[in-house]
Structures are given as structure tokens and as C-alpha cells.
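The values are calculated or read from the model by the stated rules, or taken from the named source; none is laboratory data. Keep in mind that this is a model prediction, so the values were computed, not measured. Cβ placement follows ideal geometry from the backbone for every residue including glycine, while neighbour counts extend to all protein chains displayed.
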């Protein structure tokens, strides 16, 4: 069965019944999922994957050709990079300060802050996959400027 290149609906004739687009021989290959871009991944899936490995996937999606032109994916990639850097810097500063001041009893705060970043990271993956654009307070506007 053929699918419409415009809307992804199944087509049985020369025109799509849903959007009216003409069908040509250069349509998507048989068995291709409807609504999937030529690159093979939807915007929301690519946006969610930007957060999965933090710095690594953020940089990866800024380098890969079809994704680095999409403003939404670029925003999520930059925000993922900045969130990862913030996580690393804040945890290092807290550990250094508590160690230098010999406040060993407050070291559990480092674990709590790490847990908070982990929950935020999971939330960002889910929100990006659902197509929501969550702009984080400090790093979000910087990511918007970069995208």
C-alpha cells in the first residue's frame, strides 16, 4: 500500500483522499511509517534523544546534517549541552566547598542535588518527546539564542 508523501495517509489512487496531494512514483517506499521524515526520525524523537546522553547526544545532533538545520532540535541540543555542563559544574563546586570546609555531615546535599538534576533530566526527555518546549530558567534563553 502506498502512503501520501505530504500527510502520511494510505492512498489507493492517484490523489490522497485526506489532503488531495497528487501521488507520483517517487513516493515513500512500501512499508515506510507514515509521518516519518526523510531522515528517518521525527522532530520530537530527535529532540528527546538530544537529552539521553547529555553532552554526547547534544553535540551529535548539532553535527548531523538533517537535524542541525531544524531550529527545535538545535534548541534541545543546546539546552541539553548546557544542562549537562551545569550539572557537572554545580556538583563539582558543592563537593569542593564541602570538602574544603570539612562539612562532611552536609555531603548528603550533593546527593540530593544530583537526584534533583536526574529528575529534571528525565522530565526533559519526556517533555521533548511529547513535543513540549520547556525553557529552563537560566540556560533556556541562552539555548534559544544559539539555536
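Results for (1) surrounded by 15 or more Cβ atoms within 10 Å (Cβ to Cβ); (2) more than 24 Å from the chain's Cα centre (by Cα); (3) over 23 Å from residue 64 (Cβ atoms); (4) at pLDDT 75 or above, shown as yes or no for each residue.
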position	(1), (2), (3), (4)
1	no, yes, yes, no
4	yes, yes, yes, yes
11	yes, yes, yes, yes
17	no, yes, yes, yes
22	no, yes, yes, yes
26	no, yes, yes, no
30	no, yes, yes, no
35	no, no, no, no
39	no, no, no, no
Give me the residue from region 112-137 that is more than 17 Å from the chain's Cα centre (by Cα) and loosely packed, with under 11 Cβ neighbours inside 10 Å and, out of that set, nearest to residue 77 (Cα to Cα). 137
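Restricting the search to region 61-76, which residues are in contact with a helix residue (DSSP H, G or I) (Cβ under 8 Å, 6 or more places away or on another chain), free of Cβ contacts under 8 Å to residues at least 40 places away in the same chain and part of a helix (DSSP H, G or I)?
61, 62, 73
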So which pairs qualify, if the first residue must be in region 29-53 and within 16 Å of residue 129 (Cβ to Cβ), the second must be modelled with pLDDT of 50 or more and in a loop (DSSP other than H, G, I, E, B), the Cβ gap must be under 6 Å, and the two must be at least 6 apart or on different chains? 35/8; 44/131; 46/67
